[in-house]
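Q: The structure's right below; bear with me while I get my questions together.
The values are calculated or read from the model by the stated rules, or taken from the named source; none is laboratory data. What you are looking at is a predicted structure, and each value in this text was computed from that prediction instead of being measured. Cβ placement follows ideal geometry from the backbone for every residue including glycine, while neighbour counts extend to all protein chains displayed.
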Amino acid sequence: MGKEDAPDGAGRAMEYPLFFERKSLHRFCAVAGALCAFAVLAGSVVCAPCQGNDTTQNDAGAITAVPAGCSRQVGVVEPTTDAIVALLNSRALVYADRGELDCAIEEFSRAIELKPEFAAFYNNRGVVYRQKGEIDLAMADFDRAIYLKPEYAAAFTNRGGIYFSRQEYDRAIEEFNHAIVLDPKCAEAYNNRGGSYANKGDQARAIEDYNRALHLRPDYADGHYNRGLAFLYLGNLDIAIAEFDRAIRLNPNFAAAYNSRGIALTGAGIVGPAIEDYTRAIQLQPDCAEYYFNRAVTLNNAGQLDRALKDYDQVIQLKPDFPAAFNNRGSIYAVEGQFDRAIQDFDEALRLMPDYAKALANLAVARAQKGTREVAAQSSGNAAGGR
């Protein structure tokens, strides 16, 4: 959602495509009884794995350390294979929660060696591969999990997420449909199917799925965020803002929700709070070029060109292949009369996107204005010399 200025007398054709986050699919279904869970894989692991001690498993399934230096007494048994794989799985979940993804993969792989028939370990390792961006390995693990356990709803949801990331939305919807049939209470499956419909342009069906997800989980921040995006695309700014408000209340560190609320506020003409939201999004995710771009666009509209210029600089530093940032920065340079720098930016925008009409128009105007100024300067010099 954005607006585009028509070229004015200065020849500026700015680009204002405020950047949305793609529908939120970064919540994958996890293990632990095939329940749908947060992307960290399990919320039940509260302790770091014990290291350097022998272990047994108590009746509740928790891993309990045998105190170092104590001899084994009668009644203490050697860990069974099930106890060992439970320990490996628990340790892997902790590593995944800490972001130590390679360690998590190693532990899941060890568990698979001991229990190659256990589908949940493949599903969990697939989630971690997905977090690492190793999509083919993730897909192979989800395939294996489903082969071993055809009724595994979480694995279908996760495999659908892979298709979604590949923009194969119809195949993603098929996977989410399977997951919903197998587990009609999995809010993630409805949320993710909604995201697929939305990216196919069917916002109405997307909203229906988000409604179902939120009926199952009223505290589902991603569901509120995605429903807000759908209403934002439909132009219902008040409803969109209310949904982003809910998402942020549920997850105060939800950078994408601040960004999208900023877009909605910008569309409503509420500039100050919009800039505050972009700033908060940047604080939470300082490596996201789109957040800087959105703030720059809003500052640009507000006439704060110096601040906008700094943000465009940051966009280009983070994402040097961002043609709209070069075009917009060049337009500011042109307004300031820095035609050489403006022409350089328009040239770079066209190198990145050769059919970029706005940059092409801006380049022509900047060259003409530079020529006009040079002619005027030469005429002025000639006139002065003739006195």
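Q: Applying the selection to the range 350-359, what residues are at pLDDT 95 or above and either under 27 Å from the mean Cα position of the chain (by Cα) or assigned to a helix (DSSP H, G or I) (or both)?
A: From the range 350-359, those at pLDDT 95 or above are 350-355; that's our starting set.
L350, R351, L352, M353 - these are the residues of the range 350-359 that are at pLDDT 95 or above and either under 27 Å from the mean Cα position of the chain (by Cα) or assigned to a helix (DSSP H, G or I) (or both).
Q: Just to be sure before I move on: is D347 part of a helix (DSSP H, G or I), charged (D, E, K, R) and more than 29 Å from the chain's Cα centre (by Cα) in the structure I sent?
A: The answer is yes for D347.
Q: Still on this structure, please answer the following. Among what's in the range 276-297 and is under 14 Å from A324 (Cα atoms) and hydroxyl-bearing (S, T, Y), pick the residue that is nearest to the chain's Cα centre (by Cα).
A: Only one residue tops the list, namely Y291.
Q: Related question: Collect the residues in the range 271-295 that are more than 15 Å from I316 (Cβ to Cβ) and among the small types (G, A, S), keeping them in residue-number order.
A: G272, A274, A281
Q: Find the residue count for the range 299-315, including only residues that are in a helix (DSSP H, G or I), without any contact (Cβ under 8 Å) to a residue 60 or more places away in the chain and in contact with a helix residue (DSSP H, G or I) (Cβ under 6 Å, 6 or more places away or on another chain).
A: Residues that pass the stated criteria total 9.
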